[in-house]
Amino acid sequence: MYHPPDYFQIDELLTDEHKLIRQSVRQWVEREVKPVIDRYAQKHEALPKDLMRQMGQLGALGPFIPEKYGGAGLDHISYGIIMAELERGDSAIRSSASVQSSLVMYPIYAFGSEAQRKKYLPKLASGEWIGAYGLTEPNHGSDPGSMLSRFEDKGDYFLLNGAKMWITNSPICDVAVVWAKDENGKVKGLILERGMEGFSTPEIVDKWSLRASATGEMVFDNVKVPKENLLPGIKGLKGPLMCLNSARYGIAWGVLGAAMECYDTALQYSLQRKQFGKPIASFQLQQKKLAEMLTEITKAQLLVWRLGVLKNENKATPAQISMAKRNNVETALKIARESRQMLGAMGITGDFPIMRHMMNLESVITYEGTHDIHLLITGMDITGIAAFD
Ligand code: TGC
Ligand code: FAD
C-alpha cells in the first residue's frame, strides 16, 4: 500500500475517521482507477459513468452534505482528503467529484428549496445522476459578471437563451446548475435537466489535458424552464462565486494528490535507475529536485490542513482559499515537470503517471479561476483595490 510523504507528521493532526476515509478512497483508486486511467486518457475517452456510482457508494459525492439528503455529513478536512486521494488517480475523477459536490450539490443544498433538495440531492449523492455547472461562456471566462445568458419570465415558465463553454461533464450530465441573468440583469441559478427541449451539450474534442474527462458546451435555445427550477435562495454574482469557494478549496487539497504521486514515482525511479554505475538518486542534482519537491509538498500540506480547520470553523475567507488554490496548483505543476525530467525519456510514456498529471494540471491552473485571477484576488485583499476591473 502506498504511503504518501508526511515529513511534518501532519497525520497526527488527523482523526481516526479522517485516516479511515483516506484509506478507503485510496484503496478504491488503486483498484478501480489506476489500472484503467492511462488507457482512457490515451484514447481521450471519458471514464465510465459507473465510477460515479461507485464514488457515491464510497461517500465521495457531497461528503459535507447532511445525511438526510444522502450526503455523508463529514467535515471539510474529510472532503479535502477525499479530493487528494482521487486526484492521485487522475484530475478527471477529482473534477467529476468536485463539480458534483461543490458546484451542483452545494448550491442546491445552500440556495435550493426543500423540494429541490429532496428531489436532486439523494440521486446526485449516489451517483445515479451526474451534475454539471454552467458559469463560463465563450466570451466571458474570468469575467463571469458580464455573462450574456438570459431568462425571461413568461408567466408559466422561464424562457432561457444563451450558451456556456468549457463545462466539465456537460456531455454526460443528467442535471445542470446554470447561472443566467433575469430581466433586471440579476444573476440567478436555474436547475436544468437533460431532455428539456432546446437544451443541448455538444462535446469539446481534441483536448491535450483532462483527456479522461468529458468537457463540453451548453446551448440554451429557447429552453422552457419550469418556475420551480429557480434556486430561490440567492441572487447576484456572489451565488456562483460562493460555489467556487467550495470547489477551489477542494482543488487546493486535490492537486496535492497528483503532486505526491509524481514525487513518489520520481523517488522510486531514481533509487532504481542506474547511470554511471550508480543510482541516479545518488547524484546531487537529483537529490536537490527531490528535496525541493518534498519541501514544497510539506508547505502545501500545512497550508490546506490549516485552511481545513478554518473552513470547519466557518472562518476560511475566499481570499485565503484563492491563495491556497493558486499556491498548491503551481506547486503540483512544478513538481510534475521536475519529476518528469527525473525519469528521462521514460517520463513521457504512459508507463508512468507523471506526464498525464502534468497535462491535466495545465487545466487545473486555468479553471476555477486562473493563476492570474487568484493573484489579483490576493492583491485586492492586501490593498483594497481590485486590479481586475
Ligand atoms: P465582484 O464585484 O468582485 O463581486 C461580485 C459579488 O460577489 C462577491 N464575491 C464573492 N462572494 C463569495 N465568494 C467569493 N469568492 C466572492 N468573490 C466576490 C462580492 O463581494 C460581490 O458581492 P455583492 O454583494 O457586493 O454583489 O465581481 P467581479 O465581477 O469584479 O469579479 C471578481 C472576480 C474576477 C474575482 C471573479 O469574478 C472571479 O473569481 N473570476 C474567475 C471566474 C472563475 O473562477 N470561473 C470558474 C468557473 S467554474 C469552473 O471552472 C469549474 S472547473 C470544475 C472542475 O472540473 O473541477
Ligand atoms: P480568459 O478569461 O479569456 O483569460 C485568458 C488569459 O487572460 C488568462 O491567462 C487570464 O489569467 C488572463 N486575464 C483575464 N482577465 C485578466 C485580468 N483582469 N487581469 C490579468 N489577466 C487577466 N467553467 C464552468 O463554468 N464550469 C465548468 O465545469 C468548467 N470546467 C472546465 C474544464 C476545463 C478542462 C477547462 C479548461 C475549463 C473549465 N471551465 C469551466 C472554464 C474555466 O473556469 C475558464 O477557462 C477560466 O475561468 C478562464 O476563463 P477563459 O478560459 O475564458 O480565459
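Among the residues of the stretch 20-42, those that are in contact with a helix residue (DSSP H, G or I) (Cβ under 7 Å, 6 or more places away or on another chain) and not aromatic (Phe, Trp, Tyr) comprise Ile21, Arg22, Ser24, Val25, Arg26, Val29, Glu32, Val33, Lys34, Ile37, Asp38, Ala41. Every condition in (1) in contact (Cβ under 8 Å) with a residue 40 or more places away in the chain; (2) closer than 30 Å to Gly344 by Cβ; (3) surrounded by 18 or more Cβ atoms within 10 Å (Cβ to Cβ) holds for Leu267 except the one numbered (1). Report yes if some residue within the stretch 92-107 is away from ligand 1 (no atom under 11 Å from the Cβ) and either touching a Lys or Arg at 6+ places or on another chain (Cβ under 6 Å) or outside the structural domain of Arg39 (by TED's automatic domain parsing) (or both); otherwise report no. Checking the stretch 92-107: not a single residue is away from ligand 1 (no atom under 11 Å from the Cβ) and either touching a Lys or Arg at 6+ places or on another chain (Cβ under 6 Å) or outside the structural domain of Arg39 (by TED's automatic domain parsing) (or both). Selection over the stretch 120-172 of residues that are of a type in the set (Lys, Arg) and either part of a loop (DSSP other than H, G, I, E, B) or within 24 Å of Leu58 (Cβ to Cβ) (or both) gives a count of 2. Considering the stretch 65-117, and only residues there that are in a helix (DSSP H, G or I), of a type in the set (A, V, I, L, M, F, W, C) and open to solvent by 20 Å² or more (accessible area, probe 1.4 Å), the residue that is farthest from ligand 2 (Cβ to nearest atom) turns out to be Ala115.
Among the residues of the stretch 239-255, some residue qualifies, meaning at least one is crowded, with 19+ Cβ neighbours inside 10 Å and among the charged types (D, E, K, R).
Applying a threshold of 8 Å to beta carbon distances and a minimum spacing of six or more residues, or different chains, the list of pairs starting in the stretch 109-134 at a residue that is within 23 Å of Ala180 (Cβ to Cβ) and ending at one that is aliphatic (A, V, I, L, M) and open to solvent by 60 Å² or more (accessible area, probe 1.4 Å) reads Ala110/Met242. Among the residues here, Ile365 does not qualify as within 16 Å of ligand 2 (Cβ to nearest atom), assigned by TED's automatic domain parsing to the domain that holds Phe283 and either touching a residue at least 40 places away in the same chain (Cβ under 8 Å) or within 29 Å of Ser282 (Cα to Cα) (or both).
The values are calculated or read from the model by the stated rules, or taken from the named source; none is laboratory data. Only a predicted model underlies this, so the values are computations on that prediction, with no experimental measurement involved. Positions of Cβ are backbone-derived with ideal geometry, glycine not excepted, and every protein chain shown enters the neighbour counts. Ligands, DNA and RNA are excluded from the accessible area calculation, which covers all protein heavy atoms including side chains. Shrake-Rupley method; radii C 1.70, N 1.55, O 1.52, S 1.80 Å.
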